[in-house]
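Peer 1: Okay, here's the structure, questions in a sec.
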Amino acid sequence: MTPRRIVILGGGSTGWMAAAAFTTGMPGAQVELVESEELGIIGVGEATFPSIRAFNRLLGIDEAEMLAATQGSFKLGIQFVDWRVKGEHYFHTFGDFGPLDGPMALWGQYHRVQARLGGQLGDHCLPTVMAREGRFRLPDTEGDAITARFDCAYHFDAVLYAGFLRRLAERRGARRIEGKVVDVARHPDGRVAYLKLADGREVAGDFFVDCSGFASVLLGKTLGVPFVDFSHWLPVDRAWAVPAERPEGTLTPYTRSTAQEAGWTWRIPLRERCGHGHVFASKFIDEDRAREQLLAQVDGKALAEPRLLRFTTGHRAQLWSHNVVGLGLAAGFLEPLESTAIFLVHNALGRLIPLLLQPGGATPDAAAAFSDQQVRQYRRIRDFIILHYCLTERRDSELWRYMAALELPESLAYKIHTWRETGVLVGYDDEGFDRTSWLAIFAGMGHWPKRASPWMQEVPEAMALQYLRQRREALASITAGMPDHDTFLRHAVARAAG
Ligand SMILES: Cc1cc2nc3c(=O)[nH]c(=O)nc-3n(C[C@H](O)[C@H](O)[C@H](O)COP(=O)(O)OP(=O)(O)OC[C@H]3O[C@@H](n4cnc5c(N)ncnc54)[C@H](O)[C@@H]3O)c2cc1C
């Protein structure tokens, strides 16, 4: 049956994303959200993934209004600094590199003539050139021009975004209940019946969405769904986070991730401040030293004391059990290197709501299919994140030596081997990141196939050079005609205000 009474536990960005999606996508349902101000929310998570734009559009959100309300800026991708060796950087942006296969595969021709051409593969990707130049415009929504073949995401204040969604969800009928859940009652068949609050109130529902953060009150604690731990492959388990002033002229349209001795630091520029953090492995560095390393990276005055967050990387073995679906941190967590937490939430909601609306609604088959897909997605993203580390040439600290010697998950080892031996980029179902993204990391880390494909030789070298030079020139000229990110954003936000 399609559930009529949906209870969401948790009012962080996950809970309010869920409330906004259910009130929009299932208008007849009663949506209640329980949260505890005393327990609070985690309140970090400022960089997003492009599909958030589609999620917002489905909710009917005006982009400029959202940016104005959340300190938002645009994100074309991530700049990775010092990951392969110290002193080098590359970009992973949300754009294309032209054909990926066949004799005209742009990466293949580039690699073949790299010594004569110079530069980086990224010089042939529009959003990378835009990011490097600090320019911005939105992608075309129609046509097949190069200006339609890139995407963007946002940087925003996650607390303000949750508040923005809360107002939207409440306008559409969601009811917020303040209170701390101290007990959970279950039906004889194991389904959750109601949440019991500290003041004795009971909140009953026929479908529950666990958005209770790392506490995983329903999926983990109540239903006992085990946690699948990825920390062997991804050993970072702590983060220091601090907001800081943003120096004039540094509103970059990208996130920066800089590799450190035992992890990496992030820099996320918002309109009126900057978010900074240091994600690190506590087995390789102590907390005080990690804090010092973060503060040494901050390029403006810190606006608060750094806050320490602890986490374990992995996910619940099932993401839908009985009448409970877990979302956000209650479902799992992967380090924020590619900003995938919020993506996993809206992606899950995009799958869940159509399943619930099907005739038959929340069946065991639907639950199993949903869980399997979500778990696969966690694994695929895990592999993609490990890729950033395992191709490193750094051996200057314990973390980098550990990552270079790591026994990889089979699925990842296969992809790396196939690329290295044959130049084929393998893509599976339920990838969060498509083959272009894998290419950006392989190339950025200087990891190319051993031999050029014989197909490449079908194109005369002079023609390959001309093709690549023309593409570079075209991208440089398109980019030169764009406003800088700051100017674009000021106009966009002013439009929302006016
Ligand atoms: C260091 C770090 C950096 C991150 N960076 C990014 C990023 O750049 N991009 C990205 O997409 N994501 C990022 N994330 C993830 C992001 O922080 C989360 O996706 C986001 O904050 C959503 O959290 P949540 O709503 O799932 O949980 P929380 O914010 O923890 O909310 C949990 C809610 O449950 C409620 N609750 C819990 N127990 C009870 C109870 N017993 N009774 C009543 N209420 C209860 C709490 O009051 C709260 O409202 C990052 C996470 C970390 C740790």
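Peer 1: Please identify the trypsin sites (Lys or Arg not before Pro) of segment 279-311 that satisfy two criteria: DSSP loop assignment and at most 10 other Cβ atoms within 10 Å. Which are they? List each step's numbers first, then the result.
Peer 2: Details: sites: K283, R289, R291, K301, R307, R310; in loops: K283, K301.
Passing sites in segment 279-311 are K301.
Peer 1: Heavy atoms of the protein only, probe of 1.4 Å, neighbouring chains included. What is the accessible area of W455 in Å², nearest 10?
Peer 2: W455 exposes around 140 Å² with every protein chain in place.
Peer 1: Let me ask you something else. With r as the distance between the Cβ atoms of E38 and R472 and R0 = 41 Å, compute the FRET efficiency 1/(1 + (r/R0)^6) and round to 0.05. All intermediate terms of the calculation are to be shown ahead of the outcome.
Peer 2: Numbers: r = 56 Å, r/R0 = 1.37.
Calculated transfer efficiency: 0.15.
Peer 1: Give me the one-decimal nm value for the distance between modelled label points at E461 and H187, 7 Å along each residue's Cα-to-Cβ direction.
Peer 2: 7.2 nm
Peer 1: What is the helix-to-structure angle for 410-422, meaning the angle in degrees between its Cα long axis and the longest Cα principal axis of the chain, kept from 0 to 90 and rounded to the nearest 10?
Peer 2: On a 0 to 90 degree scale, this one is about 20.
Peer 1: When the Karplus curve 6.51 cos²θ - 1.76 cosθ + 1.60 is applied with θ = phi - 60°, which whole-Hz ³J(HN,Hα) does each residue of segment 472-487 get, with x for Gly and Pro?
Peer 2: Taking θ as phi minus 60°, the curve returns 4, 4, 4, 5, 5, 6, 4, 5, 4, x, 9, x, 6, 4, 4, 5 Hz for segment 472-487.
Peer 1: Loop only by DSSP, 10 or fewer other Cβ within 10 Å of the Cβ. Give me the GluC sites (Glu not before Pro) in segment 358-413 that pass, ordered by residue number. It would help to have the intermediate numbers written out before the result.
Peer 2: Values: sites: E393, E398, E407, E410; in loops: E393, E407.
Passing sites in segment 358-413 are E407.
Peer 1: Let me ask another. As a quick test, which of the pairs K75/K180; K196/K221; K221/K415; K86/K283; K75/K283; K86/K450 have an alpha carbon distance above 26 angstrom in this structure? Could you put the intermediate results ahead of the total?
Peer 2: Values: K75/K180 36 Å; K196/K221 14 Å; K221/K415 36 Å; K86/K283 22 Å; K75/K283 32 Å; K86/K450 24 Å.
Result: K75/K180; K221/K415; K75/K283 exceed 26 Å.
Peer 1: With an 8 Å cut-off on Cα pairs and a minimum separation of 6 or more residues, tell me the relative contact order of segment 154-230 in percent. Spell out each step's value before the answer.
Peer 2: Details: 56 pairs, mean separation 11.7, N = 77.
Averaging sequence separation for qualifying contacts and normalising by length gives 15 percent for segment 154-230.
Peer 1: With angles folded into 0 to 90 degrees, how steeply does helix 106-117 sit against the dominant principal axis of the chain? Use alpha carbons for both and round to 10.
Peer 2: Helix 106-117 sits roughly 40 degrees off the main axis of the chain.
Peer 1: While we're looking at this one, here's another question. How large, in percent, is the carbon and sulfur part of the accessible surface of segment 220-348 at a probe radius of 1.4 Å?
Peer 2: Working: 2200 of 4580 Å².
Carbon with sulfur: 48 percent of the solvent-accessible area.
Peer 1: May I pose another question? Under a 1.4 Å probe, what is the accessible area of the chain per residue, stated in Å²? Write down the numbers at each step before the final one.
Peer 2: Values: 20140 Å² over 498 residues.
Averaged over the residues of the chain, the accessible area is 40 Å².
Peer 1: While we're on this one: In segment 54-140, which trypsin sites (Lys or Arg not before Pro) are in a loop and have at most 13 other Cβ atoms within 10 Å, using DSSP for the loop call?
Peer 2: Passing sites in segment 54-140 are K86.
Peer 1: What does the extension gain come out to for Q373 and R401, with contour length at 0.36 nm per residue minus their alpha carbon separation?
Peer 2: On the way: separation 28, 0.36 × 28 = 10.08 nm, distance 3.30 nm.
Here the answer is 6.8 nm.
Peer 1: Provide the per-residue ³J(HN,Hα) series for segment 451-461, in order, calculated from phi with Karplus coefficients 6.51, -1.76, 1.60 and θ = phi - 60°, each as a whole number of Hz, with x at glycine and proline positions.
Peer 2: For segment 451-461, the Karplus-derived couplings read 10, 6, 5, x, 4, 4, 5, 5, 9, x, 4 Hz, x marking Gly and Pro.
The values are calculated or read from the model by the stated rules, or taken from the named source; none is laboratory data. No experiment lies behind these values; they were computed from the predicted model shown. Every residue, glycine as well, gets a Cβ built from its backbone with ideal geometry; the counts of neighbours run over all protein chains shown. Accessible surface is based on the protein model in full, side chains and every heavy atom, while ligands, DNA and RNA are left aside. Shrake-Rupley method; radii C 1.70, N 1.55, O 1.52, S 1.80 Å.
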